[in-house]
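The values are calculated or read from the model by the stated rules, or taken from the named source; none is laboratory data. These numbers were taken from a predicted model, which means no experiment stands behind them. When we count neighbours, we look across all protein chains shown, and the Cβ atoms used for this are built from the backbone with ideal geometry, even at glycine. For accessibility, only protein heavy atoms count, side chains too; no ligands or nucleic acids. Shrake-Rupley method; radii C 1.70, N 1.55, O 1.52, S 1.80 Å.
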Amino acid sequence: MPVYSARVLVSLRPSVLDPAGEATRAAAGRLGVEGVAKLRIGKAVELEIEAPDLDTARERLSLLSDRLLANPVIENWTLELAPGDQGQGTSSPVGEG
């Protein structure tokens, strides 16, 4: 069965405050890095999944992203999916929530 490599990028919705991002932006200024007008912190989840085809892999990963990896109330997510060492398919962003 083909193996697909995926990366789920999770970020706070624009309307949600990001105190960690703001603290990091302020710290950049204290380090002498000027011009950082906006900084928001998110997370990246990398995984491999076995699936019979690209569409099935996309469906499974969308379910994981919606219900486990991201909090749909305050976070958005995007999915990047590509064939792994044994998979077949195309490399491209394939979903978001």
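Structure notes:
- Principal-axis tilt of helix 19-30 within the chain, Cα atoms, nearest 10 degrees: 60
- Take 15-27, 39-51, 70-82 and order them by the average number of nearby Cβ atoms within 10 Å per residue, most first; the result is 70-82, 39-51, 15-27.
- Within the chain, helix-based [θ] at 222 nm, where runs of 4 or more DSSP H residues each add -39,500 (n - 2.57), nearest 500: -7500 deg cm²/dmol
- Mean sequence separation of contacting Cα pairs (under 8 Å, at least six apart), scaled by the length of the chain, corresponds to a relative contact order of 42 percent.
- For the chain, the Kirkwood radius over C-alpha pairs fed into Stokes-Einstein at 20 °C and 1.002 mPa s yields D = 144 µm² per second.
- Whole-number D in µm²/s for region 8-56 (Stokes-Einstein; Kirkwood sum over Cα pairs; 37 °C, 0.692 mPa s): 244
- Taken per residue, the accessible surface of the chain reaches 65 Å², heavy atoms only and a 1.4 Å probe.
- Measuring nothing but protein heavy atoms, the accessible surface of the chain at 1.4 Å probe radius is 53 percent carbon and sulfur.
- Segment residue 73-residue 47, length gained on full extension (0.36 nm per residue, minus Cα span): 7.0 nm
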